[in-house]
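Comments concern the structure below.
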Amino acid sequence: MARMKFGVFLAPHHPIGEHPTLQIRRDVELGVHLDNLGFDEFWAGEHHSGGWETIGSPELFLAAVGERTNRIMLGTGVVSLPYHHPFNVAQRMVQLDHLSRGRAMLGVGPGALPSDARTLGIAPITQRDRMDEALGVIIRLLREDKPFSYKSDWFELNDAMLQIKPLQEDMPICSASSLSPAGMKIAGKYGVGVISVASNSDEGLAALPTQWGFGETYAREHNQVIDRKNWRVLSQWHIADSQEEAIADVAEGLKRWHNEYNVDILGRPGANHTESGEAMARAMVKSGAAIFGTPDDAVRQVRHLQEISGGFGTLLGFAHDWAPRDKQLKSYELFARYVIPQLQGLIEPVQASANQFMEHKSELMEGAGQAVLAAIRAHNATHPRQQKKEGTDGGVVSFAAGKQ
């Protein structure tokens, strides 16, 4: 498999109470920070209710990020296709691709929040089928060169063709996948990538080994091919100088996120209030649902995640406000400086070079010293007056020989 890539998935999840404008600006600044650190991808979600997830148009948000960044890929994580006419999704993504100079990625899903679907008058039972239907049309719009018509019970196209095509020859497309086979079915049917968004939970981790098998099964049924390098797996991490520090950093924010969002607002089945964010953080580390610790802890956990999943192409860190802002930014910096190069194999040749030098340092230094001595003696032999005038004497010779 190709070298692993790394990115960040911004839902976003922000506690209620902060100025929305400042929240959005901080999210833009996060994208800039990640670009400067060399992360490969930045994803932003679409939500319309619930109070915590406040980006309604990921394309618009990512266009702003694109103006302030240079190389990081920008993905919609995800566009809820049943909420939109497929033509509008396709043309917005094309516009984002041109504005970002070929850095757009289309992530799609059926819609995660039931309150969003209710607001728009969409029956939950129809969402996955509509996502499937819409994606098929969007792929045709992005890739085909001739107009076509299409009529559905919820949208219509007449001699439709995009005025401009994406700047990228093949814009990356991903389907969101959680615990059900639905996301993997879409990926297999259309031969697109996958974002496993439930892998930051105990249940999602347990399902990873079988999830890819679902995708391969559906790919065979539709004469498609899916590639593990296009599989993106979501993780939760906070990196600090010690595990104790990392857990202390996230404890209160994690407790608030769980109690106020997961329990009070979403009412996730089986979720109950916790009295201790620290205890919750330790339990998440123990189960593998989160990485709270040092860079070395992160390297071990990511390698374990690769092993139990069978291999994936990109690790996405779930962006959260559990830790104070300065420590969030430091966590991403530590990850970029010490975790990514280990997992990409960038440190091995550097260490091998150092090891090689250490093995031969005596002979190498002796040879270098002899070369310096020879050069000094040759100079003295041909310029004796300059030697006496400038004081080029045994002090220099003894230094070169390692006696000083």
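The values are calculated or read from the model by the stated rules, or taken from the named source; none is laboratory data. Nothing here was measured: the structure is a model prediction, and the numbers come from that model. Don't worry about glycine lacking a Cβ; one is built from the backbone with ideal geometry, like all the others, and counts go over all protein chains shown.
Of all residues in the range 136-190, those satisfying the criterion of being loosely packed, with under 12 Cβ neighbours inside 10 Å and among the acidic types (Asp, Glu) are Asp145, Asp153, Asp159, Glu169, Asp170.
Taking the condition touching a Lys or Arg at 6+ places or on another chain (Cβ under 6 Å) and under 23 Å from Leu234 (Cα atoms), does Met73 pass? Against the criterion (touching a Lys or Arg at 6+ places or on another chain (Cβ under 6 Å) and under 23 Å from Leu234 (Cα atoms)), Met73 qualifies.
Of all residues being outside any helix (DSSP H, G or I) and surrounded by fewer than 16 Cβ atoms within 10 Å (Cβ to Cβ) in the range 285-338, which is farthest from the chain's Cα centre (by Cα)? Just the residue, please.
Pro324
With respect to (1) over 28 Å from Ala123 (Cβ atoms); (2) crowded, with 17+ Cβ neighbours inside 10 Å; (3) at pLDDT below 95, the lone exception for Ala112 is condition (1).
For the range 96-109, the candidate set comprises residues that are in contact (Cβ under 8 Å) with a residue 40 or more places away in the chain and not in a loop (DSSP other than H, G, I, E, B); within that set, the residue that is surrounded by the most Cβ atoms within 10 Å (Cβ to Cβ) is Leu106.
If you go through the range 215-247 and keep only what is touching a strand residue (DSSP E or B) at 6+ places or on another chain (Cβ under 6 Å) and in a loop (DSSP other than H, G, I, E, B), you end up with just Gln236. Of all residues in the range 271-299, those that are of a type in the set (Ser, Thr, Tyr) and either touching a Ser or Thr at 6+ places or on another chain (Cβ under 7 Å) or outside the structural domain of Ser242 (by TED's automatic domain parsing) (or both) total 1. Filter the range 1-38 down to residues that are at pLDDT 95 or above, of a type in the set (A, V, I, L, M) and not in a helix (DSSP H, G or I) and give me whichever is surrounded by the fewest Cβ atoms within 10 Å (Cβ to Cβ). Across the range 1-38, the extreme among qualifying residues is Ile16. Of the helices (runs of 4 or more DSSP H) entirely within the range 342-391, those holding at least 3 residues that are modelled with pLDDT of 85 or more occupy 347-359, 361-382.
All told, Phe87 falls short of being in contact with a helix residue (DSSP H, G or I) (Cβ under 8 Å, 6 or more places away or on another chain) and part of a strand (DSSP E or B). Condition first: of a type in the set (A, V, I, L, M, F, W, C) and modelled with pLDDT under 95. Can you find one or more residues in the range 300-319 that meet it? Within the range 300-319, one or more residues are of a type in the set (A, V, I, L, M, F, W, C) and modelled with pLDDT under 95.
Within the range 90-103, the set of residues being touching a strand residue (DSSP E or B) at 6+ places or on another chain (Cβ under 6 Å) and under 26 Å from Tyr150 (Cβ atoms) comprises Met93, Leu96, Asp97.
Residue-level check: of (1) assigned to a loop (DSSP other than H, G, I, E, B); (2) farther than 25 Å from Met73 by Cα, Gln163 misses just (2). Only residues that are touching a Lys or Arg at 6+ places or on another chain (Cβ under 8 Å) and over 18 Å from His85 (Cβ atoms) were counted across the range 96-118, and they come to 2. Candidates Glu46, Glu67, Glu41: the one that is at pLDDT 95 or above and touching a Pro at 6+ places or on another chain (Cβ under 6 Å) is Glu46. Consider the range 339-375 and keep the residues that are over 30 Å from Pro12 (Cα atoms) and touching a residue at least 24 places away in the same chain (Cβ under 8 Å). The one that is surrounded by the fewest Cβ atoms within 10 Å (Cβ to Cβ) is Gly345.
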